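Reading through the structure tokens given below for one structure.
The values are calculated or read from the model by the stated rules, or taken from the named source; none is laboratory data. Remember, it's a predicted structure, so these values are computed and weren't measured experimentally. Backbone-built Cβ (ideal geometry, glycine too); neighbour counts: all protein chains shown. Side chains are part of the model used for accessible areas, which takes the heavy atoms of the whole protein and leaves out ligands, DNA and RNA. Shrake-Rupley method; radii C 1.70, N 1.55, O 1.52, S 1.80 Å.
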Amino acid sequence: MKARIVALFIVFLVISITAAVLSFGGQVTRAMVAGLMVVAIVVVLMLIFSFLKFVSDIVKKTAVIVNDKSNEVGKISFENITRLNDHHASIEKKLDKAVQYISKLSHPEQLDTMDSVLKDDKIGDALMKIRNEMHVLKAEENQRAWITEGMAKFGEILRNKGEIHEYGHQIISNLVRYLGANQGGIFIEYKDEEDTRYMELISSFAYDKRKFQEARVYEGQGVLGQCMYEKDFIVMTHVPETYAKITSGLGEATPRCIVVAPLMLNEVFYGVVELASFNPLTEFQMEFLKQVAVSIASEISSIKSMQQTEQFLNDSRTLTQELQHREEEMRQNMEELVAIQEQMSRKQSELDSYLSAINNTIASAEFDLEGNFVSANDIFMKVMGYNINELAGIPYHKFMRQDSSSQMMWENLRMGKFFSGEFKMRDKNGKELWLSGTFNPIIIGTGSPEKIMMFAQFTTQEKEKLNDMNVMVSALKSTLPVVEFNEQMICRTANEKFMKMFGLTRMNVKTKTVYDLIDTYYKSVFEKIKSEILSKEFSAMLLPMNINGQIVQYEVSVTVAQGLDGKISRVIMILVKEVEERVQVLSAVR
């Protein structure tokens with residue numbers, strides 16, 4: 001079109017120049033001039049038409065740009081020049097608006113409305129698409145910033161380690177608030193004595209405590225145990241009515257979303273975080289939860305490693321102390337062992353001395369468990385009149401009486417029980433001998449008796465002397481009045497002759513004292529000489545005895561007997577005979 005207009009314009013110029021030249025030379029006629037004028041007019045008309053056609057074509061194109069849907073667009077007319085100018089103004093305005101819109105693309109939140117100039121327009125549509133994409137990019141950037149901010153916040157929280165329950169409370173309370181959830185709990189994995197894995201709630205936020213009456217959650221038990229088994233996220237959007245309740249001052253309601261996040265690090269399970277919310281978590285919130293779960297797992301792993309290291313150190317210190325203690329004990333034991341060996345050596349020497357002294361003092365004999373003689377020392381063989389060859393293999397009943405009591409004694413000896421007392425034996429000539437001693441079962445290692453040892457003293461002479469003495473005492477008691485006192489001179493007992501003389505009985509004799517038996521006026525004198533009497537083994541004196549109200553002078557003997565502890569056990573008073581001589585009481589009192 002542009003070339004056509006230029007060609008017509010050139011033709012018009014050529015005709016005009018030709019007409020001018022011919023007119024100047026005077027060689028043109030009117031007819032020629034008229035013809036040239038017609039041609040020029042035609043060319044001009046064609047030039048104008050071509051220009052209007054060109055403007056019309058431009059208006060058609062600009063009408064598309066400015067969204068002009070008028071029916072007049074496309075017609076060849078001079079109005080197209082005005083319309084073209086309007087289109088130019090609209091295009092400039094559209095470009096200005098587009099420039100303004102583009103300048104605000106860095107802040108898509110300011111582009112909520114689109115100017116009417118740009119609506120239903122390719123540029124406007126393109127700008128709206130860009131705006132929407134910028135909205136998405138901005139939202140993604142905000143989400144990334146939210147995640148980054150949250151990770152930084154929880155990085156600071158996780159660095160401030162403390163007591164495990166308080167530490168868990170800081171984690172779960174901040175996590176629930178940051179995610180906009182309503183409830184949350186953190187569970188840590190442990191192992192029991194049987195090495196069985198279980199989880200325990202260490203802290204919670206706004207939890208219904210009734211939900212966790214059991215302190216432990218084992219693998220595969222409920223949703224938490226399932227997460228522990230699968231080691232993967234569990235998201236529940238259809239929560240049973242009985243699962244948990246979110247409570248407030250206005251009432252309670254079941255959450256719409258439950259998320260159970262495993263705390264995993266390098267494929268190792270450390271626990272779970274459970275969150276309950278009225279609103280499901282978004283994708284970027286889930287992404288944040290995954291990242292923070294790894295961080296929590298890392299810190300728990302660090303805490304467990306520190307606890308394990310501390311436990312190892314404590315065990316090491318304990319073991320070192322125990323080894324040191326054992327080393328000290330071993331050293332002390334070695335010292336004690338040396339001392340014991342020295343003591344045993346001394347004891348062995350003492351024992352040898354004791355055995356030698358025993359062999360030189362008392363009789364001893366060895367029997368097997370059936371009661372057959374094995375060996376004996378010289379004292380036993382000398383008193384019994386045998387030699388070692390004559391006694392070898394002889395059963396006990398050859399020189400001991402065989403009856404039910406002796407048989408029971410040997411049965412008890414075979415059971416490990418010892419026997420102590422007096423017993424009789426017959427010597428080689430058949431004479432009965434008295435012995436006082438013990439039969440002892442000898443137990444070595446197995447816990448059962450292996451042999452029987454007898455240790456005894458021959459008491460035949462002492463037995464005979466004792467019998468003679470008992471005869472004498474019996475004769476004395478049947479002849480003379482005899483009474484026994486304790487150290488306080490209170491009657492213990494008396495013989496029949498004494499009680500008959502004083503009119504006493506077995507019942508009331510023990511209520512009497514020496515002062516009840518002597519003259520009233522002599523009591524003070526006896527009190528003065530009592531200590532002297534008790535300090536001697538034997539005393540003889542005259543005492544005025546009060547016999548049934550009559551004062552009778554008696555020659556008495558007082559014997560003081562002492563026990564094994566050296567203390568006075570009894571005081572024996574014998575009324576030897578009645579005498580005529582009277583005790584000078586008044587002079588004794590003076």
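General remarks:
- Stretch gain in nm, segment Glu342-Lys304, where the contour uses 0.36 nm per residue and the Cα spacing is subtracted: 8.3 nm
- Simple label model, 7 Å out from Cα along Cβ direction - Lys497 to Phe284, nm: 13.1 nm
- FRET efficiency estimate (nearest 0.05) - Cβ-Cβ, Met408 to Ser535, R0 60 angstrom: 0.80
- Karplus (6.51, -1.76, 1.60) ³J(HN,Hα), θ = phi - 60°, over the stretch 343-359, in Hz, Gly and Pro reported as x: 5, 5, 4, 5, 4, 5, 5, 4, 4, 4, 5, 4, 4, 5, 5, 5, 4
- Spacing of the modelled spin labels on Thr520 and Ala206, each 7 Å from Cα toward Cβ, amounts to 10.9 nm.
- Of the solvent-accessible surface of the stretch 362-464, computed with a 1.4 Å probe and all protein chains present, 50% belongs to carbon and sulfur.
- Two-site FRET efficiency, Glu141 against Glu163, from Cβ-Cβ distance with R₀ of 35 Å, rounded to 0.05: 0.35
- Largest to smallest accessible area among His325, His397, His238 [probe 1.4 Å]: His238, His325, His397
- One chain, two ends: Met330 and Asp232. Fully extended at 0.36 nm per residue, the span grows by 29.7 nm beyond their Cα-Cα distance.
- Segments 306-314, 420-428, 293-301 sorted - mean Cβ within 10 Å per residue, highest first: 293-301, 420-428, 306-314
- Inter-probe distance in nm under a simple model that places probes 7 Å from Cα toward Cβ, at Val42 and Tyr218: 11.3 nm
- The stretch 480-578 gives an Rg/Rh value of 0.94, both radii derived from C-alpha positions and Rh following Kirkwood.
- Averaged per residue, the stretch 362-464 has 55 square angstrom of accessible surface, using a 1.4 angstrom probe with ligands and nucleic acids left out.
- Here the Karplus relation 6.51 cos²θ - 1.76 cosθ + 1.60, evaluated at θ = phi - 60°, turns the backbone of the stretch 508-519 into coupling constants of 9, 5, 6, 8, 9, 10, 4, 6, 6, 9, 10, 4 Hz, with x for every Gly and Pro.
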